[in-house]
Each structure stands twice: as C-alpha cells, then as structure tokens.
Amino acid sequence: MVYDVAIIGAGVIGALTARELSRFQLHIALLEAENDVAMGATKANSGIVHAGFDALPGTLKAKFNVKGTAMMPEYCKELNVPYKNNGSLVVAFSEEEIEELKSLYERGLQNNVAGMELLSRDELFALEPNLAPEACGALLAKTAGIVCPYELTIAAAENAVTNGAEFKRNCRVEGIEKEEEVFVLHTTQGDIRTRYVVNAAGTHSDQIAAMIGDDSVKIKARSGEYFILDKSVGDVVTHTIFQCPTELGKGVLVSPTVDGNILIGPTATETEDRDNTATTLAGLNNVKVLAAKSCKVVSTRSAITSFAGLRAHAESNDFVIGPSKADSKFINAAGIESPGLSSAPAIAKYIAYIITNDYTDVAPNENFVAERKDVFRFRNASDEERQEAIDRNPAYGRIICRCESVTEGEIIDAIRAPAGARDVDGVKRRTRAGMGRCQGGFCGSKVVEILARELGKEINEITKFGNGSNILFEKTK
Amino acid sequence: MINYDLVVIGGGPAGMAAALKAKECGVGSILILERAETLGGILEQCIHTGFGLHYFGEELSGPEYAERFIKELKTTDIQVKCDTMALDISENNVVTAVNKTDGLLKIQAKAVILAMGCRERPRGALEMAGTRASGIMTAGTAQKYVNIDGYMPGKEVVILGSGDIGLIMARRMTLEGAKVKVVCEIMPYSGGLTRNIVQCLDDFDIPLRLSTTVIETHGKDRLEGVTIAKVDEKLQPIKGTEEYIPCDTLMLSVGLIPENELTKNVGIEMDRVTNGAVVDEMRQTDHKGIFACGNVLHVHDLVDYVTLESQLAGQGAAEYILNKQPKETVYVSTTTGTGVRYLVPQRVNIKNPNDVKLYFRVGRIFKNAKVVLECDGKVISSKKKVKLAPGEMENVIIPADVLASMNESGVICVRVEE
C-alpha cells in the first residue's frame, strides 16, 4: 500500500501533525524510531507555554509561538491534558536587567503578545514572596502557561490513531528513495511507501533531510539538565520564573509543573551525540547555583529526580518549516527548539494545511472525533467518582503506585490505549506510576508484572524503554 | 461507614504485634489494613536468617518470623483486609481506604495505629550523574525480584551504600551466581550491622570501600558501568580518584525513609531527624488516639525491637480506648546530648508508673565510651560501651522511681562520654 503521508518522528510535532492530518481522509503513518512516542526532545523539556516575547520579530519562532500559545488551551481541553495558565515572570536582579525587561516588553508588543506588564519590586513580591531579595523588578506575561509535553504528545498520538492514523514504533528510517511520485522509506520495519513525508525527526532531522539531498537543515543537539523537586516543596512559586535571557537561551527557570512538582533547569550544553541524555555533575551543579539566584529557598535536597533533555538547535537559529527545496512533497518541521512546544499546535496545523492544500482531492474525515476519551485518574477523582469507577472495573480499586495513587485499572488502560505503553517508562509517562517520591521502588516490579501479563510476555522480556533496556535476566537457579 | 475500636494501618511486623497486644489488653474490634496481597510486610522477601534472636531466642528467616504472628492472628477475631490501601485519616479518626472488593471504605476508629513502615531512598535523591539506563534499582527492589519473582536482576553488580539490605543483597546475588564487584559507602563507616559486614561481605571476599561513592552511570540501554570516586570530609568527590567499574547492575542501599504521608496529612507533629512522628512513651502522637510504631516511627535495624515497640503502641492504644491511661499527663521532653542523634520517645509522661526505655542512635563511631542518662542534671546511669555505631540502635532505661521523682520542668538527657 501507499500512504498519503508518512511522518518521521513521534514527538510533539509529529503526533500533533498526525492528529491534524487525521481530520482528513488520508492514510497516515506516524513512524517512531524508539519504542514509544515522545522519546526525544519532547520527553524532557521545561513544559512551558511561552507568551512569545523572546523570539526576534519576523522569525518563524515569533510567528508560530504566539499562534500556538493561543491554541494550546483548547487543544489541551479536547485532548484531556492538564494545562495551566499560570503566567510567567522574567525577573531582573540589577538596574541593567530592568532595561533588558523593557526591551523584552517592546519586542513582545512587536510580536503581538497580549497581557504583558512591567512590575515594580513591590508588585513582584506581592505575586511571588519567596523570590530572592535581590530581585528588583519583572516582566509579567499573563498568557504564559504550563503543560506536560509528553502527556500532550501521548494524547495527540492516541487521538490520531483513534481517527485512523497508524503508529509504527521501533521503525527507524535508514534511507529514502523516490520512485516516480512515491517516496520509499527504508526502515527497520521494512519499506514504507508514501506520497508525502513530514520530517519531524528532532535532533536527527538534518540526517533525514540529507536522505533526499536537502542540506538546508543543520542541527546541533543541545543538552539541558533539570531537577524535579518533591511535591512537599509546595508552591514556593506559582508563576514560571525566568531570569534574563542569555545567548544560549532563556536560562535557568524555576517553575511549577502541571503535576504539582517544582522544576528547576535547564543548562544548555552542545553535545556531539544527538541521543545523549546523560546528566553531568557540573551541569547539575550549575542548575543548583543558578536556580538559587532566583529563589533561595529552592533546595535540591528535596529533589526526587534529575534528568537531561535534548534540544534540536538549527544553525539558522530559527525553525525550519515548510516544503523542502529538494522535493516539495517533503515537508520539514526541523530545528524545533524552544518555543517549539508552545508553537506545536500552530506548526502542526500549518503543515496539515500545506499538504491538504497541495493535494488534488482531499475530503474531510467525517468520523473525526476531536475529543480524546476521558481518562480516569484516581488521584484527581472525588470519592463518588472513585466508587463509580471501581463499580465499573474493580481494578480501579487496586493501588499499584502508592506515591501517586495510581491504580491497576489506569495502568491497564495505558497499555491498551491506541499507541499505548509497551514498557515501564511508557506506563510511567501515561499514569505517573513510579514518578513519585519513591521513584518506582515499590511499584516498579508490579508494573513489570502487569505489562508482561497484558502483552503476553515473560517478565524478563519487559524493558524500561525498549531496545536492550531489559530489567531482568534469566530465572534464578 | 463501618466502626472499629482500633484500625491498624500496615500488616507488617509492627502492625501485627500492635494489633495482637491491643487484643490481649482487651480491645474489642480491631481491623488491620495491609496494602500488599499478604500480611508480613517486608519480612516476606527477607528469606535470610537472623530474625528473632532477641525476641524468640532463636534464629528465624523473615517469613518464619512473620508466620508466628500471622498464625497467632488467626486465633483471634482481629479482622484483616489485604490488598487494601489507606488513603487518608481525618481529624476525627475516620480512615478512608480502598480495595478491589469493597471499593472505597470509610472506617470510624476510636484509635489508629500507624505502622506503614518505610521505603528506600531512590537514585533521584542522590547526586549521581549519567544515563538513565535500566539496571539501576534499590536493593529492596532487587531483593523482591530474586526472592519473590525468581529472576536475576543482574550479573555484574556494584552496590552503593552499606545499609543492611545492601549487605544482605551482596551475599544473595553472590549465592545466585552473580559477581558483586564492590560495595561503596560514602561515609567513613558502614551503616549496617557488624554481623552483616562479616557474614555478607568478608565471608565472600567482597570489598567494602569506605568514603567512596558512585558519581556517574554509563550505558544507554542497559547499564554498562559506573564511575566511583573517593570523597573528602564534606562528602564531595575528590578529583583524580575516579575509577571506572564495568557492571550491568547498580543496587542502591542508601537509606530508608519512614512512609509518613498519611501522618503528615493529619497534621501530626514530626521529628526532623527520625522523619517519624513525635511520640510519648506509649508511642502516642500529639494527635490523641493516633499511635505510631515500627519503621514508620524511626528506622530500626532489628525486627525484634520493632515487635517490642509495637507492643507498647498496642498497649497504649488499648489503654486509650478502654480509658485506662494514667489520670494525669505531665510531659517532659527527652533531649539529645553530645554524640546522640535522636531519641525515641521524644517525650515522657512522668505520671506513667512504669520504667521507660529510650531508644537512640549515635551520630558517629565511638570506641570505649560511656552512655550517660541524666535526669534533672543528676546522672542516673552510666554504661560502658566498647563500641557505638550509627548503624546499631542503642537503648537506656529510665527507672519508674526516677520518673516519679521528676516534675514538669524536668530534663531528661542522654549523651555519650568518651
């Protein structure tokens, strides 16, 4: 068979693009090299929906950021993903930085950012009393928010599959040829034929583009390290707290997450290895020192985990979005770094527009359902909702993850969902089982058992995140 | 709403001993809530021996030790609900719990005993850089895989932390055919029992490296190795001492944390050192009718002491329910003197007519030292000790007549004299 569109990369861009395209009667394949969606840059970033004052006016970053941020609340609502419009603050720590805030404000106006306000020291501390006393002013952006990047991606992929798209995991594209009007993608799962290709391959998008002779994309991977603090830290800050931006990006932030933790980070270090998500002592130390500048009471003593994420930085310093010069049926969505998550809904919509506009006859998918099925979350449910769920399915009465109150029913749902979980980390990202303060110490082995049972495998075949990341060896003597 | 005189949260050694004692003291209806499928708690996966030497005067395995209490429970009318998770305790002692068969349960209790045990400190709490490969797990998780599930979690193992579970797992993995390359301990002394160091490491020629930690993990999918390094007095890695050790598994035995989420939600006063509730000599918290015992109160090294402590809590709860508590309550705080890291109980009712045993841990290793108990500035007892170590819990007794002679402004202090 020949697909209409093959999307390479199931990150937030790929998954949302698949969903946008599934509004039409198209055969869509969403290809992912790893064992799950959201395994690259999407997995580990700040999860911030930026207001849009950072990007230089006229850039694609500026254009898509403001549009995407405006679309985000509705998308999250349809996809049943938590989104919080908590607002952001760029905090100044000196008179020079106060001047910088003014230029950020001006830039925001040029980018059509609404809801900005320059705050005095007093106004700032009225909003955020726990900031370091050196803080002397801030730029408030009311439209900024927070979202969980992988949850959004999981939901988008699930919804795309529900609406007819196919998800292929462990399907790494190793070469591309063109036979007349059809691309032949040589993948680790065999050849895939398609009329259009969307290149959403993150830190590998230049390598994918090069397969059709497009050398316009040049990617440098940048690693960013973070800490997640225990929920017991509470709301030391309610807004996302930025420092003034530097050459390498928006600097170290202190922010609540939609799940109620505090996130601090990231650093920004270029890395040769495009899949390198190792943390470094120096990097983590840096995060600690820089975060303390914003908020002295934030201590990594309450850290429950640290991690590193990757950003696909394009040498052009802007997104690379649109048909390739080498082949107009090959659409690039490359160099997607911050504000990539904020821009994602708008980028996806734009790519779907390019393809459907170019296609000679494409009809809308009349069976398209925009709403993702309600997901039962024990920890967020009222007593009545809990009882009702247990009556429906007793597995909702069996708590597997104590720290995050995740039930067996929710884990089974996550595995059985369209584009569902196939490994321990996949269950974790979908349900939060293992994401609490014990980090899976108690529930890890139970999740392995449930995965094995649901997938019809032995427990030593279950992996942490696909490939060779098996957890157990052979049976004991 | 169901009604019970006493609800015990946790069916491990602490919960079982507390419930049995309360029954013996005459409490009517008792319910134990246990989140695992069976009673016994962590003892069920501790198939090595060494349990019960103090309490039963014989050496038992973990499951055997638990079995004695499970059997005794069966001879009583104490109710047990396994696979049941307690979610909340309200101001007026209504316990909310959930399971597959009953759904949501609301249980009105006259008294509650907290016996939820503890959990292992995870990697995230450590400053360890590197990849997120599989093969990094707590020693307790590894123990469950080997002893309960019957699968090998690794073949070439490095263990970080010389807590008792880490030491036990070093021996267990070796007996199962794995190669345990080294046990690293960041402190200049081991946090485990001396007998475990001898029986689990020395007997198998497994090296223990003190003042050494793991600073980095390597390997993208499965762990391929770790970098270890010596640390200075401030526990910071010393440059130039790094060493790469190939391994497929890193087990963490880096401390235990009492599981006090329920306790904190009730608003019970907590001890910042033990990470458990502040209690009196009967293990009653500042919330009347709520008691705590076992590892949820402070981490023990021997289950025998958990049993003894839990019996106190059971008796205390019974006295509360049956209105037999001392008529008067006059609390005196216990104070940690030189060398003593914490004391349990943190306060003593001087109107209690019995001897009171204080449990404590020291902050570092002492050799040929004296444990001194002072009440109102007067030395009550001074006991010589050849060795005191943070890994071994100690105790000292305040005689009843000394308590009776004290008044409300009294001072109880335990210190170490070198």
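Overview of results
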item: Total accessible area lost when A and B pair, probe 1.4 Å, Å² to nearest 100; result: 4300
item: Anchor A:LYS67: aspartates and glutamates whose Cα lies under 15 Å away (excluding residues fewer than 8 positions away in-chain); result: A:ASP54
item: Under 5 Å, built H, 5+ apart or other chain: amide partners of A:ARG172; result: A:THR188, A:GLN189
item: For region B:340-369 versus region B:169-203, the gap between their alpha-carbon centres in whole angstrom; result: 29
item: B:THR194, B:THR249, reordered so the largest accessible area comes first (probe 1.4 Å); result: B:THR194, B:THR249
item: Lys/Arg +1, Asp/Glu -1 at C-beta; region B:343-397 dipole; positive extreme among B:TYR359, B:ILE380, B:PRO390; result: B:PRO390
item: Charge dipole (the protein assembly as shown, unit charges on Cβ, about Cα centre) - positive-most of A:ASN286, B:GLY316, A:GLY9; result: B:GLY316
item: Built amide H within the under 5 Å cut-off of B:VAL182, gap 5+; result: B:ILE159
item: Inter-part distance where region A:419-460 and region B:32-99 are each reduced to a Cα centre, Å; result: 26
item: Relative contact order (percent, whole number), chain A, Cα cutoff 8 Å, 6+ residue spacing; result: 20
item: Separation in nanometres of the label points that stand 7 Å from Cα toward Cβ, at A:ARG193 and B:GLU59; result: 7.3
item: Members of A:LYS43/B:LYS181; A:LYS43/A:LYS329; B:LYS357/B:LYS384 lying beyond 22 Å, as alpha-carbon distances in this model show; result: A:LYS43/B:LYS181; A:LYS43/A:LYS329
item: Gap separating the Cα centres of region B:219-248 and region A:170-210, nearest whole Å; result: 40
item: Cα gyration tensor shape for region A:349-473, rounded if a/c is under 1.5, else prolate or oblate; result: oblate
item: Cβ neighbours within 10 Å from other chains - mean over B:133-145; result: 5
item: Gyration tensor verdict on chain B (Cα atoms; rounded if a/c is under 1.5, prolate if a/b is larger than b/c, oblate otherwise); result: oblate
item: Region A:378-461 - percent relative contact order, Cα under 8 Å, separation 6 or more; result: 23
item: Loop sites in region B:242-289: trypsin sites (Lys or Arg not before Pro), DSSP, at most 13 other Cβ within 10 Å; result: B:ARG272, B:LYS288
item: Members of B:LYS23/B:LYS385; A:LYS63/A:LYS464; B:LYS288/B:LYS351; A:LYS220/A:LYS293 lying beyond 27 Å, as alpha-carbon distances in this model show; result: B:LYS23/B:LYS385; A:LYS63/A:LYS464; A:LYS220/A:LYS293
item: Solvent-accessible area, 1.4 Å probe, carbon plus sulfur percent, for the protein assembly as shown; result: 49
item: Shielding by other protein chains, A:305-315, mean Cβ within 10 Å; result: 2
item: 31 Å Cα-Cα threshold exceeded, pairs from A:LYS231/B:LYS220; A:LYS102/A:LYS325; A:LYS168/A:LYS349; B:LYS179/B:LYS220; B:LYS110/B:LYS383; result: A:LYS102/A:LYS325; B:LYS110/B:LYS383
item: In Hz, Karplus ³J(HN,Hα) per residue of region B:16-27 (6.51, -1.76, 1.60; θ = phi - 60°; x = Gly, Pro); result: 5, 5, 5, 5, 4, 5, 4, 4, 4, 7, x, 6
item: List of region A:428-442 residues, accessible area with partners at least 30 Å² below that of the chain alone (1.4 Å probe); result: A:ARG437, A:CYS438, A:GLY441, A:PHE442
item: Within straight-line cross-link reach of B:LYS239, aspartates and glutamates at Cα separation under 14 Å, skipping those fewer than 8 residues along the same chain; result: B:GLU216
item: Aspartates and glutamates whose Cα lies under 14 Å from that of B:LYS264, excluding same-chain neighbours fewer than 8 positions away; result: B:ASP88, B:GLU91, B:ASP286
item: Residue-normalised accessible area of chain B, expressed per residue, 1.4 Å probe, Å²; result: 40
item: Tensor-based shape of chain A (alpha-carbon gyration tensor, a/c under 1.5 rounded, otherwise prolate or oblate); result: oblate
item: Spin-label zone in region B:119-163 - amide nitrogen under 12 Å from a point set 7 Å from the Cα of B:ARG209 along the C-beta vector; result: B:158-161
item: Probe 1.4 Å, accessible area per residue of region A:378-461, Å²; result: 35
item: Mean Cα-pair separation over length for chain B, i.e. relative contact order, pairs under 8 Å, 6 or more apart, %; result: 15
item: Per-residue ³J(HN,Hα) for region A:252-257, Karplus 6.51 cos²θ - 1.76 cosθ + 1.60, θ = phi - 60°, Hz, x for Gly and Pro; result: 7, 10, 10, 8, x, 10
item: Probe 1.4 Å - accessible area at B:GLU242, Å² to nearest ten; result: 90
item: Listed peptides B:107-114, B:199-206 by packing density, highest first (mean Cβ within 10 Å); result: B:107-114, B:199-206
item: FRET efficiency, B:ASN407 to B:GLU261 (Cβ-Cβ, R0 56 Å, nearest 0.05); result: 0.90
item: Given charges at beta-carbon only (K, R positive; D, E negative), |dipole| of region A:123-272 in Debye; result: 140
item: Simple Cβ-charge dipole of chain B, Lys/Arg +1 and Asp/Glu -1, about Cα centre, in debye nearest 20; result: 400
item: Point-charge dipole on Cβ atoms (K/R +1, D/E -1) for region A:378-461, about Cα centre, debye to 20; result: 280
item: Amide H contacts of A:THR305 (H built 1.01 Å from N, under 5 Å, at least 5 apart or other chain); result: A:ILE228
item: Rounded tilt (10° steps) of B:62-74 against the dominant C-alpha axis of chain B; result: 30
item: Karplus-derived 3J(HN,Hα), 6.51/-1.76/1.60, for each residue of region A:222-232, Hz, glycine and proline x; result: 10, 9, x, 9, 9, 10, 10, 9, 4, 4, 5
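The values are calculated or read from the model by the stated rules, or taken from the named source; none is laboratory data. If you're wondering where the values come from, they're calculated on a predicted model, not measured in any experiment. Reconstructed Cβ throughout: ideal geometry from the backbone, glycine too, with neighbour counts over all protein chains shown. Only protein heavy atoms, including side chains, enter the accessible area calculation; ligands, DNA and RNA are left aside. Shrake-Rupley method; radii C 1.70, N 1.55, O 1.52, S 1.80 Å.
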